């Protein structure tokens, strides 16, 4: 942030400049800029559902495993995701469902009991989906926003906004000051075992436009600074409504 060193500046100009700084640093202004850069609130809110396919790699217990994924999501609390991978020659299919307060998981068709800690992590992820939509941050008063000092992400100047509320663990969102886009989210999460809390950082390196809305396309995640996930969306369909039957067995 530039310093004003010119002694000849009038008091009125100093106050004008300070006012502009406050406007730029205001968390709601940062979110509004990101919403506009992403396509605008009207378009974002129009499409509450999405179907996506993707691919990537995940690091678990010293192994780097490639995967493909299919997911269906209906804002605010319905999701179904199927992940397929090969683990030491064995084909593994994992299906996760989150419908309201009900969370289930199966592996190769067999239902698996989820520890409470992992269920809570999935609930956190659902709220995080709302956060990443951006518009709920302005429309839902349950979310509390706070500006944090500016920073840099991959050499880019970013405005940082802290988000709390709706049972969400504190999350820090970093927005590219030039483009306005969300490029990083940092929060406390769990490692894959569900036994250890880690600093989880998600970085968005590429967006693509779908139905006039810019959506994250390439994402990487680190846990305590160590590579955990690289994911690329291969196809996305935005929908105004998805039938509840899509989330049933």
Can you give me the pair-distance distribution of region 29-100, C-alpha pairs, 10 Å bins, whole percents?
16, 33, 28, 18, 5, 0
Translational D (Stokes-Einstein, µm²/s) of region 163-240 at 37 °C and 0.692 mPa s when Rh comes from the Kirkwood sum over C-alpha pairs?
233
Cα long-axis angle, helix 11-25 against the chain (0 to 90 degrees, to the nearest 10):
0
With no solvent term and unit scatterers on the alpha-carbon positions of region 65-117, Debye gives log₁₀ I(q)/I(0) at q = 0.18, 0.25 Å⁻¹ of -0.64, -1.02
May I ask for the angle, rounded to the nearest 10°, between helix 27-38 and the longest principal axis of the chain, with both axes built from Cα atoms and the value confined to 0 to 90°?
60
Enter the mean projected area of the convex hull around the alpha-carbon atoms of region 105-249, in nm², rounded to one decimal.
10.6
Rounded to 10°, Cα long-axis angle of helix 116-133 versus longest principal axis of the chain
50
Between the modelled labels at residue 122 and residue 247 (7 Å from Cα along Cα→Cβ) the distance in nm is 1.2
Using the Kirkwood radius over Cα pairs, work out the Stokes-Einstein diffusion coefficient for the chain at 10 °C and 1.306 mPa s, in µm²/s as a whole number.
80
For 99, 83, which order do you get if you count the other beta carbons within 10 Å of each Cβ and list the fewest first?
99, 83
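Rule-based calculations on the coordinates, nothing more; no lab input. Note that the structure is predicted; figures quoted are calculated from it, not measured. Don't worry about glycine lacking a Cβ; one is built from the backbone with ideal geometry, like all the others, and counts go over all protein chains shown.
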